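Values quoted throughout were computed directly from the atomic coordinates according to the rules given, and no laboratory measurement underlies them. Given the structure is predicted, the values throughout are model-derived calculations rather than measurements. Note that each Cβ is placed from the backbone with ideal geometry, even for glycine, and that neighbours are counted across all protein chains shown.
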Amino acid sequence: MPGAGTDKTKDWIEEPGPVVILVEPQLGENIGAAARAMANFGLSRLRLVRPRQPWPNDRARIMASGADRILDGVALYDSLEGAIADCSFVLATTARAHDQAKPVVGPAEAAALAAPRIAAGETVGVVFGRERNGLENDEVALADRIVTLPVNPAFASLNLAQAVVIVAYEWFKLASGAKLPFVMPAKSAPAPKQQLLAFFASLERELEKVEFFRPPDKRETMQINLRNIVTRMAPSQQDIQTLHGVIMAIAEGRKGPARGGVLDGPEAEILRALLAEQDTVRGPKERGPMRGLARFLRRNPTEAERALWQALVNDRRFAGCGFKRQTPVGQHICDFVSFPLRLVIDVVPADETAAAAAARGQKRAWLEAHNYKVLGIIAGDIESDMAAALERIGGAIG
Ligand code: SAH
């Protein structure tokens, strides 16, 4: 992403800061990279003493990556003396010991020395040397302090722009109070203790059910340990809701469709038969438990139902018909219904009780009175000739 991290909607930091002075820089690239580093860390004034390439410089502009206002503001000088003329305090950066009676400081101390002077309205200059051979002794002699970086003594010399970035960084860290530009977004408030305690109560209740707290004399320690694990996470309200959901999902078992029910085929047949007999005797107020049982049935299909459903959802003829399984239509639960087609498919067990058959008849009458087409398919037919069963459904769709 070009320009990532650059935000033109934000104000450019224009606090006063030290002046950066590059003595005879050889590469435009380094000047551009130094300008970019200055912009990153809130410095704006760049002075060049006799740059070795013509100025302005395209390579510098490319490396500045948008820190144009710094390049546009560059001031050129013929001598270092000229470049520091208005400075009341000058720091000379160098990787080498120049053997001069001049205090040596690190970059953080350099920032600390500059800050009160700049706050008092003085001009502070930080001088950087040539890429190849740094600053001459007489140039260092013009400074109030030597600044050197803590480095690997066997490889002490940094790239010019990288030396600028470290000095600029230390300056900005001090001047800005080291405040970071963004923090982790607070998505949900920390969970209050009341919510935590309720969570522990339900967690422990579920664990009791599976006799997790064994042996009994360890119970208290185990509970304290568990509570401490969660408390150490400093969870948010959302975290606790999620964990609670996870525990209840594990405790209550899966809610998925079709496979994974707890009834085997014959048990599912019996449940279906019982529900079929009950179908119409339920008044509207009693639909709650019926719906619950229908959901249970949905998870526990008989073999015929499972086979027909699989065939139905995998057959292109029925794509988009919106068939649903074990769904209430009015006060009746239908095996398969397509609301868009107003079509109900009733899987009829061959050896149905008289009560169930009567209830089925009433259901059918109600559905037809309410404009549903009802297609009864004998369970055995599905198992013996699926193609024919599908053919009939196709015919009912028209
Ligand atoms: N070979 C040169 C180093 C030039 S690097 C020499 O021996 O001096 C270009 C400039 O980056 C240096 O003049 C200095 O201003 C700065 N610089 C590089 N490494 C530095 C360090 N370890 N400490 C302070 N300034 C450093």
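The mean of 1/r over all pairs of different alpha-carbon atoms in the range 193-252, once inverted, gives a Kirkwood hydrodynamic radius of 12.0 Å. Straight-distance candidates among the lysines for linking to residue 363, with alpha-carbon spacing under 29 Å and chain neighbours fewer than 8 residues away dropped: 255, 285, 324, 373.
Averaging the sequence gap over all C-alpha pairs within less than 8 Å and six or more residues apart, then dividing by the number of residues, gives the chain a relative contact order of 11 percent.
Calculated FRET efficiency, residue 205 and residue 232, Cβ-Cβ r, R0 25 Å, to nearest 0.05? Computed FRET efficiency for residue 205 and residue 232 comes out at 0.70.
Peptides 5-11, 107-113, 229-235, 339-345 ranked from most to least packed give 107-113, 339-345, 229-235, 5-11, packing being the mean of other C-beta atoms within 10 angstrom over each peptide's residues. Using the Stokes-Einstein relation with a Kirkwood hydrodynamic radius computed over Cα pairs, the translational diffusion coefficient of the range 347-398 at 10 °C and a viscosity of 1.306 mPa s comes to 131 µm²/s. Taking 0.36 nm per residue of sequence separation and removing the Cα-Cα distance, the residue 386/residue 55 pair yields an extension gain of 110.6 nm.
Taken over the range 19-175, the convex hull of the Cα atoms encloses 103 Å³ per residue. The stretch between residue 241 and residue 212, if pulled fully straight at 0.36 nm per residue, gains 8.2 nm over its current Cα-Cα span. Computed from label points 7 Å out along Cα-Cβ, the spacing between residue 274 and residue 249 is 3.0 nm.
One quarter of the surface of the convex hull around the alpha-carbon atoms of the range 265-397 equals 7.4 nm², the direction-averaged projected area.
Measuring between alpha carbons in the structure, the pairs from 102/179; 8/173; 8/187; 173/193 lying more than 30 angstrom apart are 102/179; 173/193. Residue separation of residue 179 and residue 157 scaled by 0.36 nm, minus their Cα-Cα distance, works out to 4.9 nm of gained length. Take the Cβ atoms of residue 142 and residue 62, set R0 to 25 Å, and the FRET efficiency comes out at 0.20. Among all the lysines, which ones have a C-alpha under 18 Å from residue 209's C-alpha, if same-chain residues fewer than 8 places away are not counted? Reachable lysines: 218.
Label-to-label distance for residue 195 and residue 78 is 7.2 nm, based on points extended 7 Å past Cα in the beta-carbon direction. Computed on the range 85-183, with alpha-carbon pairs under 8 angstrom and 6+ residues apart, the relative contact order is 42 percent. Rg ratio for the chain: its Cα radius of gyration over 2.2 N^0.38 Å, N being its residue count, equals 1.89.
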